[in-house]
Each structure stands twice: as structure tokens, then as C-alpha cells.
Amino acid sequence: MLGDSTDEYLIAPDPTRSGLTRRVVAQDENGVSRDIQVVEERPLTIFLNGQEIVTAMTIGDYPEYLALGFLKNQGMLTGGDDVTRVDYDDDLETVVVRTDTQTTYEEKLKKKTRTSGCAVGTVFGDMMEGLEGLTLPEAEVRTSWLYALSHKINRTPSLYLDAGAIHGTVLCERDRPLVYMEDVGRHNAVDKIAGWMLSEGVSGSDKILYTTGRLTSEMVIKCAHMGIPVLASRSGFTAWGVDIAQQIGLTLIGRMRGKRFQCLSGDARLTRDADVNSAEDEDRKHRRKGAAP
């Protein structure tokens, strides 16, 4: 559950964790050899009550959260589905999620197993189910929170700063980052957050979801399934993502870099309580994916 500290993450990336990266030899433009770190990528097959659902390409950390979050965000687990066991087998590279009764969607699980790095077997039709008539909580957002979050997140040690080629997602409460997940695919990172929330019984009604990934329709829909009313990204957006955000009352903020951002939905819920001229801009050495000036 949520801790009392206002300064520390509950979960944060650990670039020194064994097995997430490895060193390879590269030659630069001058033909000079040097060692660099690259992110590992491995398959993880997710099962629901014995039925194979999807094979995701992932860095390999927090496999149980990834499995739970993927199933939740795909609508395969609902509030009435009680998870009884989550078994991870490192040798077989599998996670088996079990419920005490047949889930709402088990009769519909006639999908082919898929392998994906960025979008983990996304089944778009199923994700749209449950959004009709959905309205998210009208949560206030302050620009001072956004500036503080951008500053804190960009200075957190991470695999991206160490090796690149990876996306990050952070669950935040006001100006405090709570849980920081990374993966080779932005959808994987979001699903890990969803799995943690489901495991810990954490509500999304007063949270902000930050991501380095694009604000596409699928990202907006996942955020809605998680019950989070605010989605922010340092990257761009798609028209359909904006349309869905406006339809369901999601506050959508894109291109959030330092003191700069663009609000595409829910501007009436945004309180501009910080002087943009006095806000700190993003230092070049902390810039991440999509941060070209």
C-alpha cells in the first residue's frame, strides 16, 4: 500500500539490477571500439486459467505485475474476477494467472497468441468495451505539480539514462511520483503500473499517469480502464487519442518537457498556479526520448 514518504518512490528503476542489460562492443563513426550497455529483451507468455493469451517481449522485471495489468487493461479481468494465484516460472518464461471462477471474458478468448514488443498483443475491440458512457473523475491538476514531476522524474536513475531504447511510465499523486516502471514497449510499462495497482488495491481516481510514450488511442483507453483521470506525456499525440480523451473527460497533457506542455483535453480542470517564467527548464543532460528541442 501507499507509504508515508513524500520523497521516495515506492518502486523505481534500478539500472544496476542484474540481467536487465548487458555490455556489447560497438565501433563508433571513427572505427574506435568501446563497450556500451544495451537493454535485454526476452519473451514472457501470459496464461489465464491455463489458457495461453499472449507472448510479450519484455525486459523481464516485475512479470507478475505485467501479466495482471495486461489482463486488466484488455478487459479480461474485471472487478468481479477474484485473482487467487499468480505463478511465475523463470525457466519457462511464463506467468499463469488464476481466478476462483471463470472470468467474464473467458468464453471470448479465441485470440491467437501474439508476439509484440511495443503493443503487447493489443486487441483493440476488447479494449473499447466498457468505455461507453464512462466519465472519469474531475480531478484537479496544478501546473506546479507538473513542473515538479517533470523535474523529479527526469533526475531519477533509470535504464533509459543508462542504456536507452526503453520507455518509462510513472504513477503519480499530486507532485509525488509513486511507482516508476520501464520496459521496451510503452504498453508494457503501463500494464506493469496497472498490475501493481490491482495487486495493492490502489485507486486511480486521484492519480496522474506519466509516460514517455505517444498519447495514442490505446494509451488513452488503458488509462481509462485504470480509472486514472490525468494522462501526461513528454511525447506527442494522435487525433483519435485526443478525441477519446475529450469524450470520456480525461485530462490529456502532451509534449511535457521541463516547463513546457500542451493540454489537449480538460484544460478547464488545469489550475495555472505556477509562473512559467520562473519554472526550471529541462537540462539537456536529463532529456529523454522525444526531447529534441
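The values are calculated or read from the model by the stated rules, or taken from the named source; none is laboratory data. Predicted model only: the values in this text are computed from it and were never measured. Here the Cβ positions follow ideal geometry from the backbone for every residue, glycine too, while neighbour counts run over all protein chains shown.
Brief remarks on what is shown
- Search result, residues across the stretch 118-139 that are at pLDDT 70 or above, surrounded by 15 or more Cβ atoms within 10 Å (Cβ to Cβ) and among the acidic types (Asp, Glu): none
- Any hit, the stretch 198-219, residues being more than 18 Å from LYS72 (Cβ to Cβ) and charged (D, E, K, R): yes
- Qualifying residue in the stretch 48-67 (condition: of a type in the set (Phe, Trp, Tyr) and farther than 22 Å from LEU131 by Cα): yes
- Number of positions in the stretch 168-187 that are within 30 Å of ARG34 (Cβ to Cβ), in contact with an Asp or Glu (Cβ under 9 Å, 6 or more places away or on another chain) and crowded, with 24+ Cβ neighbours inside 10 Å: 4
- Picking from residues in the stretch 55-73 that are assigned to a strand (DSSP E or B) and either buried (at least 24 other Cβ atoms within 10 Å of the Cβ) or small (Gly, Ala, Ser) (or both), the one that is nearest to the chain's Cα centre (by Cα) is THR58.
- Residue in the stretch 172-192 that is closer than 19 Å to ARG142 by Cβ, assigned to a loop (DSSP other than H, G, I, E, B) and touching a helix residue (DSSP H, G or I) at 6+ places or on another chain (Cβ under 6 Å) present: yes
- Here VAL25 meets the list (1) among the hydrophobic types (A, V, I, L, M, F, W, C); (2) within 29 Å of THR101 (Cβ to Cβ); (3) surrounded by fewer than 10 Cβ atoms within 10 Å (Cβ to Cβ) almost entirely, failing just condition (2).
- Which listed residue, of SER199, SER150, is among the polar types (S, T, N, Q), modelled with pLDDT under 95 and either surrounded by 23 or more Cβ atoms within 10 Å (Cβ to Cβ) or not assigned by TED's automatic domain parsing to the domain that holds LEU264 (or both): SER150
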